[in-house]
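In what follows, a structure is listed as structure tokens, so that the remarks can point back to it.
The values are calculated or read from the model by the stated rules, or taken from the named source; none is laboratory data. Predicted model only: the values in this text are computed from it and were never measured. Here Cβ is always computed from backbone atoms with ideal geometry, including for glycine, and neighbour counts include all displayed protein chains. Please note that ligands, DNA and RNA were not included when accessible areas were found on the heavy atoms of the full protein model with its side chains. Shrake-Rupley method; radii C 1.70, N 1.55, O 1.52, S 1.80 Å.
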Amino acid sequence: MLQYELDGGNNKHRAFQLPGSRPHYSPDRPGQVEHICLDLVLDIPKKSYHGTCTIQLVPVRSGIANLTLDAVSLDIQSVQVDGTSVGFDYDGEQVQIQLQKSTEVGKKIEIAIAYSNQNPQRGIYFISPETHYPNKPVQVWTQGEDEDSRYWFPCFDYPGQLATSEIRVQVPKPFVAISNGELLYAKDAGDDTIYHWKQQQVHPTYLMTLAVGDFAQIQDTWQDVGQDAQPTRDAQPTRDAQPTRDAQPTRDAQPTRDAQPTRDAQPTRDAQPRRIVPVTYYVEKGREEDARRSMGKTPRMIEFFSQKYGYPYPFPKYAQVCVDDFIFGGMENTSTTLLTDRCLLDQRAALDNRITENLVAHELAHQWFGDLVVIKHWSHAWIKEGMASYSEVIWTEQEYGADDAAYYRLSEARSYFSEDSSRYRRPLVTHIYREPIELYDRHLYEKGACVYHMMRAELGEELFWRAIHTFVQDNAHKTVETVDLLRAIEKATGRNLLFLFDQYVYRGGHPEYKVAYSWDADSKLAKVTVTQSQDEDLFDLKLPIAFGYTQQSAAEEQRSRGAEASAEPSPLPPCPPAPPPSSVPSLKTFTVRVHEREQSFYFPLEEKPQFVSFEVGNHYLKTVTLEYPLPELKAQLQCDPDPVSRIYAAEALAKKGGLEAVKALADALQNDPFWGVRVEVAKQLAEVKLDFAGSALVVGLNDESAYVRRAVAEALGDIKTPESYDALKQLVEKGDPSYYVEAAAVRSLGGLVTSATLKTMEEDVIDLLTDVLKQRAGWNEVVRIGALAGLSQIKTSPVALNLVVQTTSPGIPQALRLAAIRALGTISTGQTPNNVELILQQLQDLSKETFFLTQVAVVVALGQMETPKAIPILRSLADQTHDGRVRRIAEEAIPKVQQNSGSDLAVKQLREEFDQLKKENQELKSRLENLEAKSKQ
């Protein structure tokens, strides 16, 4: 699902629980729901529907005289039990049914509730053309997670109740209705059509769905034949759009079929009859090619996950329905995933956008983790969301290679680190919250994914996948808690991973390591000192430390170079940009137990290593600060086979600064074989801020990877020199194959002219960004959003402000309008008091809109402001919104605004003045080093 973040300023390790949080438990269960049937008639023009919800319940105990169902803001007209009308009480949130005869254990009863609903606010959404958006499609769709199914039909609305289901729905022609399971029939009914869908495998109410629209249907298939199934030719996207250099898939991680455990009752691949599963993509008409481009890998993903999880795709079909105004990125309803139509890629967007591919993989993975194996309580949602997020990683590994997967894991970890440091810290498993949706955060998704990877690192390939197979097979069509995963691991492997769960699942945080290295030439001892710098609990882990040697030792290299090389401070053998297998550095690896605040380890070695690699493979969730000498950092950046270790070396080099560090980074920007390392090197060059860094970055604008060009364009925005300005301006005027590269360039241009040296260019840049806003409409408005971000950096300009305000008007394309709303907060911090009042009034008016994404944008804008007048608007939004996500981020924004507008503002100003002094000092240092370099020449 799509997540929304609001930076919390300096809120390190703030508590997760907000006022009103309380323990939540699964409710007492009056019985087992066996089946739910909805029989509905939609009146789409009136945004209403009516019908009957029928629930078959088998009581687990006798003597129950009343039943309580969840039903919010519905018009309950009548209730029957076994065909007889009964009394009921309804308070707008729950319906209390008075049974004429108390229950008997095991004796099934059937409850039929006639009801209607008009202009619903949650659960079911009616989309139609509006005054300002006349081209909107007519659609109806539902969203059940977390506990919103109760807003569109009466039910026992919690994940622990599993039942089969069916939906009969009458809709006007030519609309199509899609739901869970199999289509039993589509029957003519005059001007309408009745669709009857049946889901014959049990699932929870939050996964029941309905989507209605005049969709184009693109048909594909997956064949369960025990080998790689290929998508049909029409649906298969071309590989030309893949932006990596090393795009060859690796299959090393795949378990062999012989390794899969077999059980008589389990659906092993050979035991099942071969199936052909329909795979269908539903999109707005006219977007068929975008659908193929965006979702065409689905059949191969189904085959891949069927093998990985040790369980063939478990449902009779797989549909993906792209809908308008969706409030998440995707929702994994059983056999019928809903996706935002914003994920559909045109040809240019596909150049450097894997977000859609990852979204498709994530939601598909849920068909096993979440839909087949169901969480018993929301507190254990990390089991499904963590694995769905980790499945993005393993698909990346399969499709693009190990380096891309490692880099993706790093991005997952960083996303979690950001939330941990700026919002709050919490255990992965907690039942203390206000609403379950609060749990759907970066801990649940990204940290959860990292935990799965640590399990894989601990167990090794064969045992990890054996454990996953056991977990899925033993718990198919059942509910699970975290302990069930631990039990499956122990059953399959004999390993007890409670020590890992205690540290990473049942408590918050992660280790923060500082690693220092020195070499004693006399005793030939390498000393590595590891410090855990986090404030909270220490972690106890066994970590591998490797010492790297290139093919030629340092001593041999010194002799072969001769006396002329003796001027080098620490001669290092060169590593070719793309070394052949024979020249890959050798690693001498030791495993150590790191469990104290500070520990020093001594390693006897035959000769001095060229570099040191801490925690080889970087499998464990942690932060690392390397405190190595400069030569070792340069060697690691050049030679370490692990891209993440090379990235850590680049970060350490940038912190050291100086011309030699910049030259090493510049060399890596041009020569590192992996695009992800080049991206990170570009970011680090911007951190150094020496003149030579800017020149090195400009070269990177010609990189063949759009990802690298984007990073370079962003980095040049921090190097406020005429050279950066000229390079970015030329890029914007010339254009780039990538939307994102152009967006980064226009955004950076806006930031450049805020410096004193480029202030005279402000008017020209505003004119250029204005032209971009007028002329460069495109996919999801990426480039024009970049122009808005650039304008918002010119914080003292009333002209820039006026352009941003104009773009918040109704009728502006939604993605662009939302970006403009967010930009109001950014630009507000440099405006006059009168203009700040204008911004506040605009945000006040916008806060009255009910669309979720608009409310999020308003909160983000208000949270950036430095006036206490933003606080009443935030409080009003928190009180009135229907969405728990908006409520939470609004409440989190209030203390941030208080901080920005209170006594801490003076501290902020002092910090800015200090940063300016640091910058001036760095510039002087840059000039001095340039002079020294020239004198040596």
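Odds and ends about this structure:
- Dipole check for segment 468-535: with +1 at the C-beta of Lys and Arg, -1 at the C-beta of Asp and Glu, and the Cα centre as origin, the magnitude is about 140 Debye.
- To the nearest ten degrees, helix 675-688 and the longest principal axis of the Cα atoms of the chain are 60 degrees apart.
- Between segment 366-443 and segment 88-105, the alpha-carbon center distance in angstrom: 38
- The chain: angle of helix 355-365 to the longest principal axis, Cα-based, in degrees nearest 10: 50
- Farthest toward the positive end of the dipole of segment 719-792, out of 738, 749, 766, is the Cα of 738, where the dipole comes from beta carbon charges about the Cα centre.
- Formal net charge of residues neighbouring residue 754 (Cβ-Cβ distance under 9 Å; K, R +1; D, E -1): +2
- Folded to 0 to 90 degrees: helix 691-700 orientation relative to the chain principal axis, Cα: 50
- Counting only aspartates and glutamates at least 8 places from residue 588 when in the same chain, those with an alpha carbon closer than 14 Å to its own are 606, 607, 615, 640.
- Cα gyration tensor, segment 49-98 - rounded (a/c under 1.5), prolate or oblate: prolate
- The chain, accessible surface, carbon-and-sulfur percent (1.4 angstrom probe): 48
- Computed magnitude of the charge dipole of the chain (debye, nearest 20; Cβ of K, R +1, Cβ of D, E -1): 440
- Dipole of the chain [Lys/Arg +1, Asp/Glu -1 at C-beta], most positive-end residue of 306, 351, 465: 465
- The chain: relative contact order in percent, alpha carbon pairs under 8 Å with at least 6 residues between: 8
- Trypsin sites (Lys or Arg not before Pro) within segment 103-198: DSSP coil, no more than 13 neighbouring Cβ in 10 Å: 107
- 10 Å Cβ shell holding at most 12 others, DSSP loop, GluC sites (Glu not before Pro): longest site-free stretch of the chain: 131-595
- In segment 347-408, the chymotrypsin sites (Phe, Trp or Tyr not before Pro) that fall in loop regions by DSSP, at most 14 other Cβ within 10 Å: none
- Neighbour net charge for residue 64 - beta-carbon separation under 13 angstrom, K R +1, D E -1: +2
- Structural descriptor for segment 109-225: relative contact order 27 percent, calculated from alpha carbon pairs under 8 angstrom and at least 6 residues apart.
- Segment 362-380 residues near the modelled residue 483 label - backbone nitrogen below 16 Å, point 7 Å along Cα→Cβ: 376-380
- Helix-only [θ]222 nm of the chain, DSSP H runs n ≥ 4, -39500 (n - 2.57) each, per residue, nearest 500: -12500 deg cm²/dmol
- Taken about its Cα centre, segment 279-386 carries a charge dipole of roughly 340 debye when the Cβ of each Lys and Arg holds +1 and the Cβ of each Asp and Glu holds -1.
- Across the options 871, 501, 546, the greatest Cα extent toward the positive end of the charge dipole of the chain (unit charges at beta carbon of Lys, Arg, Asp, Glu) belongs to 501.
- Taking Cβ atoms as reference points and 14 Å as the exclusive limit, the residues near residue 171 contribute a net charge of -1, counting Lys and Arg as +1 and Asp and Glu as -1.
- Taken per residue, the accessible surface of the chain reaches 39 Å², heavy atoms only and a 1.4 Å probe.
- Both the radius of gyration and Dmax for the chain are 29.4, 102 Å, in that order, over alpha-carbon atoms.
- Segment 430-521 shape via C-alpha gyration tensor axes, a/c threshold 1.5: oblate
- Value of relative contact order over segment 401-524, rounded to a whole percent, pairs C-alpha under 8 Å and six or more apart: 30
- Segment 18-113: C-alpha gyration tensor shape, a/c 1.5 cut-off, then a/b vs b/c: oblate
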